[in-house]
Amino acid sequence: MFLKSLTAAAVALSLLAGPAAAQQPSAAQMTLVRRYMAAIDMPSMMKAMMESMTPAMLQDMEKRLGQSLPSDVRDALVTSTTEAVVAMTPRMMDAMAPVLASGFTEAELRAAVAYMESPEGRSFMAKSPAMMSKAMPAMQPLIPEMQADMQARFCRKVDCSKLGLK
């Protein structure tokens, strides 16, 4: 179940970028997107996001298993997950860059980069991991309800009994 949750998180991350655009981004748009990714420290952001999500996924997995995992297994899962995200982040950034670049005008990208490179933008990004760490535990009690709601909505659209979901 942990791997399914992890896969779902990876799919969700890929969907944030949206579908690939038909129009090729300009060189200026690509440069601006790369500056934006550097300004927000995308590798650190991805690592922090995974580190903040993994404990909730582990807790959900343990709840579904009806038992706690040994601490060495928990630690190995957390470490492996984080290492995989860190290793894939450069490739994910390369894949996202043209999609993001073609989704925004040069003016929009210039404004985003200007903000993220400003003292306020850097402060915002510096505070974001701590805020996410605080937000995840606040949201964690809602996850089972959200999962149940997602499944119920899905099952209203398709026959879940054929998929073994009901």
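The values are calculated or read from the model by the stated rules, or taken from the named source; none is laboratory data. None of these values were measured; they are calculated from a predicted model. Neighbour counts are summed over all protein chains in view; Cβ atoms, including those assigned to glycine, are modelled from backbone coordinates with ideal geometry. Just so you know, the surface numbers come from the protein's heavy atoms only, side chains and all, with ligands and any DNA or RNA stripped out. Shrake-Rupley method; radii C 1.70, N 1.55, O 1.52, S 1.80 Å.
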Query raised in the report: Taking S102, is it at pLDDT 90 or above and more than 23 Å from Q24 (Cα to Cα)?
Result: no
Query raised in the report: Among (1) over 26 Å from P25 (Cβ atoms); (2) free of Cβ contacts under 8 Å to residues at least 12 places away in the same chain, which single condition is E51 missing?
Result: (2)
Requested in this report: Could you please tell me which pairs satisfy a Cβ distance under 7 Å, a separation of 6+ or placement on different chains, a first residue in the stretch 83-106 that is within 15 Å of M50 (Cβ to Cβ) and touching a residue at least 60 places away in the same chain (Cβ under 8 Å), and a second residue that is open to solvent by less than 50 Å² (accessible area, probe 1.4 Å) and in a helix (DSSP H, G or I)?
Outcome: none
Query raised in the report: How many residues does the stretch 29-50 contain that are under 14 Å from Y115 (Cα atoms) and among the aliphatic types (A, V, I, L, M)?
Result: 6
Query raised in the report: Among the numbered criteria (1) under 24 Å from M139 (Cβ atoms); (2) in a helix (DSSP H, G or I); (3) without any contact (Cβ under 8 Å) to a residue 24 or more places away in the chain; (4) open to solvent by 40 Å² or more (accessible area, probe 1.4 Å), which single criterion is violated by E62?
Result: (4)
Requested in this report: Provide a single number: the residues in the stretch 91-109 that are crowded, with 17+ Cβ neighbours inside 10 Å and either in contact with a strand residue (DSSP E or B) (Cβ under 9 Å, 6 or more places away or on another chain) or among the hydroxyl-bearing types (S, T, Y) (or both).
Outcome: 1
Query raised in the report: When the residues of the stretch 110-128 are filtered to those that are touching a Leu at 6+ places or on another chain (Cβ under 9 Å) and of a type in the set (A, V, I, L, M), which remaining residue is surrounded by the fewest Cβ atoms within 10 Å (Cβ to Cβ)?
Result: A112
Query - Meets criteria (within 21 Å of the chain's Cα centre (by Cα) and within 30 Å of M30 (Cβ to Cβ)) for S118 - result: no
Requested in this report: Please find, among M131, M146, M88, the residue that is under 19 Å from the mean Cα position of the chain (by Cα), surrounded by 12 or more Cβ atoms within 10 Å (Cβ to Cβ) and of a type outside the set (V, I, T).
Outcome: M88
Requested in this report: Check the stretch 124-143 and report whether any residue there is small (G, A, S), within 30 Å of M30 (Cα to Cα) and touching a residue at least 24 places away in the same chain (Cβ under 8 Å).
Outcome: yes
